[in-house]
Each structure stands twice: as C-alpha cells, then as structure tokens.
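The values are calculated or read from the model by the stated rules, or taken from the named source; none is laboratory data. Everything numeric here is computed off the predicted structure, so don't read it as measured data. Neighbour counts are summed over all protein chains in view; Cβ atoms, including those assigned to glycine, are modelled from backbone coordinates with ideal geometry. Just the protein is used for accessible areas: all its heavy atoms, side chains included, with ligands, DNA and RNA removed. Shrake-Rupley method; radii C 1.70, N 1.55, O 1.52, S 1.80 Å.
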Amino acid sequence: MSDFIISGFHEPVSLPSPLAVRHAELLQLAWLELCRFEYGMLDLQSGKSSQAARELTELGRRTGRLSHPEARQRTAAYTPAEGHEHCPRCWVREDLRAPLAFESRGSVDVASCGCCGAQFQLALG
C-alpha cells in the first residue's frame, strides 16, 4: 500500500489527551440523556410504560416539574470541568451537579454517580 501524503501538512498528528477523550465522551452522554428524556416524554404522552417513562414519572413526583426546553438548554450547557466531572443524567434532568467517581475496570473506565446510581462506561485513557 502506498503512503498517503497531503501536501502542505508537515506536522505530525497528535492524539488527544485521555482527559479530552473523557470529556468528549461525557458530552456525548449528556446528549444521549436528553434523548432518553425526550423518548420518555413521548412514551408518557402516548401512554406507554417504558423504563424512560417510569423514570420521568418518578422524577415528576420528586421535583414537581418536567420541562423539555430546560433539559435541552442544560444539555447544551453541560461542560465537565477537569477533576470536577458531574453526572450528565442528573444535570440534564434535574440541574444537579452530582460528582462522578471514576474506577478502572479492565479496558474501560466506569464513571458512577452517587446521586442517581447511573454508571457510564468510558474509554480507558
């Protein structure tokens, strides 16, 4: 196979830091949590009893409010800070900055939330 060279680019490509990879994955998880929120809302409106709908019913009982526009705004504003990463699920649904605890398990890091009990698998940096 021949070498692929792009003329004009002479700098070597560097890999992102493990912390940058972790933050990118947490940002993606925040958007996935928004999708879970949206599907739960749709299921509630159509009378389905999915896990997402049951979780939102419980959240509504506990907090007294469910707001899709607010959840969307919080998702867009989610910014994990180095050393102070917080749970994307708690942030998107309840506007809580619940800290995540990280643990290495084999080839992945597992981020656990002590508030909602969520666990997220992240690539090992």
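Step by step: first the residues of region 57-72, then only those that are in contact (Cβ under 8 Å) with a residue 24 or more places away in the chain and assigned to a helix (DSSP H, G or I), then the one that is surrounded by the most Cβ atoms within 10 Å (Cβ to Cβ). Which residue is that?
Step one: of region 57-72, the residues in contact (Cβ under 8 Å) with a residue 24 or more places away in the chain are 59, 63, 66, 68, 70-72.
Subsequent filtering for residues that are assigned to a helix (DSSP H, G or I) retains 59, 63, 68, 70-72.
Details: 59: 17, 63: 12, 68: 11, 70: 13, 71: 20, 72: 15.
Here the answer is 71.
Check whether at least one residue in region 33-40 is closer than 24 Å to residue 85 by Cα, aliphatic (A, V, I, L, M) and open to solvent by 100 Å² or more (accessible area, probe 1.4 Å), and report yes or no. Quick ask: steps written out before the conclusion?
In the first step, residues of region 33-40 are kept if they are closer than 24 Å to residue 85 by Cα; the result is 33-38.
Adding the requirement that they be aliphatic (A, V, I, L, M) leaves 34.
Then keep just the ones that are open to solvent by 100 Å² or more (accessible area, probe 1.4 Å); that gives none.
The answer is no; no qualifying residue exists.
Which one of these is in contact with a Leu (Cβ under 6 Å, 6 or more places away or on another chain) and hydrophobic (A, V, I, L, M, F, W, C): 76, 111, 98? So that I can check it myself, show each step before the final result.
Details: 76 fails: in contact with a Leu (Cβ under 6 Å, 6 or more places away or on another chain); 98 fails: in contact with a Leu (Cβ under 6 Å, 6 or more places away or on another chain).
Answer to the selection: 111.
What residue, among those in region 97-125 that are in a loop (DSSP other than H, G, I, E, B) and touching a His at 6+ places or on another chain (Cβ under 7 Å), is least open to solvent (accessible area, probe 1.4 Å)? Steps first, please.
First pass over region 97-125, keeping only residues in a loop (DSSP other than H, G, I, E, B): 97-98, 106-107, 114-118, 124-125.
When the remaining residues are screened for being touching a His at 6+ places or on another chain (Cβ under 7 Å), the result is 97-98.
Numbers: 97: 146, 98: 9 Å².
Restricting to residues being in a loop (DSSP other than H, G, I, E, B) and touching a His at 6+ places or on another chain (Cβ under 7 Å), the top hit is 98.
Can you give me the number of residues within region 1-41 that are small (Gly, Ala, Ser), assigned to a loop (DSSP other than H, G, I, E, B) and either closer than 23 Å to residue 53 by Cα or at pLDDT below 80 (or both)? Before the answer, list the steps.
Step one: list which residues in region 1-41 are small (Gly, Ala, Ser), which gives 2, 7-8, 14, 17, 20, 24, 30, 40.
In the following step, the residues that additionally are assigned to a loop (DSSP other than H, G, I, E, B) were identified as 2, 7-8, 14, 17.
From the residues that got through so far, the ones that are either closer than 23 Å to residue 53 by Cα or at pLDDT below 80 (or both) too are 2, 7-8.
Summing the residues that are small (Gly, Ala, Ser), assigned to a loop (DSSP other than H, G, I, E, B) and either closer than 23 Å to residue 53 by Cα or at pLDDT below 80 (or both) in region 1-41 gives 3.
When you go through 20, 24, 52, 30 one by one, which is the residue that is within 17 Å of the chain's Cα centre (by Cα) and touching a residue at least 60 places away in the same chain (Cβ under 8 Å)? Outline the logic, then answer.
Working: 20 fails: touching a residue at least 60 places away in the same chain (Cβ under 8 Å); 24 fails: touching a residue at least 60 places away in the same chain (Cβ under 8 Å); 52 fails: touching a residue at least 60 places away in the same chain (Cβ under 8 Å).
Unique residue meeting the criteria: 30.
For region 73-96, give me each residue that is buried (at least 18 other Cβ atoms within 10 Å of the Cβ) and either at pLDDT below 90 or in contact with a strand residue (DSSP E or B) (Cβ under 8 Å, 6 or more places away or on another chain) (or both).
80, 85, 86, 87, 88, 89, 90
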